[in-house]
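Below: one structure, written as structure tokens.
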Amino acid sequence: MTIKILTVVCGLYAAFLLSGCSIGMALSGNKQPNFDFISVGAPRNQVEAELGHPAATNESTEGKQEATYKYEMGNSPNTGRAWVNFYVDLATFALAEPILTVIELLQGHDEETRIVYGPDNKILEIHGYTPPPVSKVVIKAESPASKSKAMIEAEALQEQYIERRQDSGSAPVSKAVIEAQESQEKFIEQKQKSPSAPTEQLNSPPAQ
């Protein structure tokens, strides 16, 4: 009996011990480089602040140097993913931990980029991995034209509200607030009318 109890206790301890694996892995990933700072003409110290020190360097003619950088993409520390793993472990009594650990192991991929520097230690050429371009849908959504369209629509709604509420002089608000204000005004008007009849009856002289 004692052996069974010890086995159960050890099993629970091992499960809770392992339950921190996926959480720790999600919090201790490798920060991926920001390629916005890596472009032709960028200084070498700015590049190595993102990619780290080169794995290899090769001297070439005319004072040029090719540096090879190796790094990991797609495995940056992620607090949100760690919290998800924690709640899944909590909900499943750590039974899902092996699956979560495998998922964390599959996060990220190793990449390599070769950069040619000039004599002034500025980028001349970039070879190897570069992140894929942003999709046209995202570009269109973030373009000034789409934003101006949204602003035009908002201004049109504001103008409609001003036309409807010229006498009130209130500031433009959303449609939901307008409807709420109108409902409130109707309710106040009804409440003002409803007690008038009993008041008149009380103030009128009794019938003879």
How about region 99-123: which of its residues are free of Cβ contacts under 8 Å to residues at least 24 places away in the same chain and either among the small types (Gly, Ala, Ser) or closer than 15 Å to ALA26 by Cβ (or both)?
-> ILE99, VAL102, LEU106
Identify, by number, the condition in (1) touching a Gly at 6+ places or on another chain (Cβ under 9 Å); (2) under 30 Å from GLY24 (Cβ atoms); (3) touching a residue at least 40 places away in the same chain (Cβ under 8 Å) that THR68 doesn't meet.
-> (2)
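Residues that are at pLDDT below 75 and not β-branched (Val, Ile, Thr): which helices (runs of 4 or more DSSP H) entirely in region 77-192 hold 1 or more of them? Give the derivation first.
Values: elements: 79-91, 97-105, 136-142, 144-164.
Result: 136-142, 144-164.
The values are calculated or read from the model by the stated rules, or taken from the named source; none is laboratory data. On a predicted model such as this, the values are computed, not experimentally measured, just so you know. No Cβ is skipped: glycine too gets one built from the backbone with ideal geometry, and neighbour counts run over all protein chains shown.
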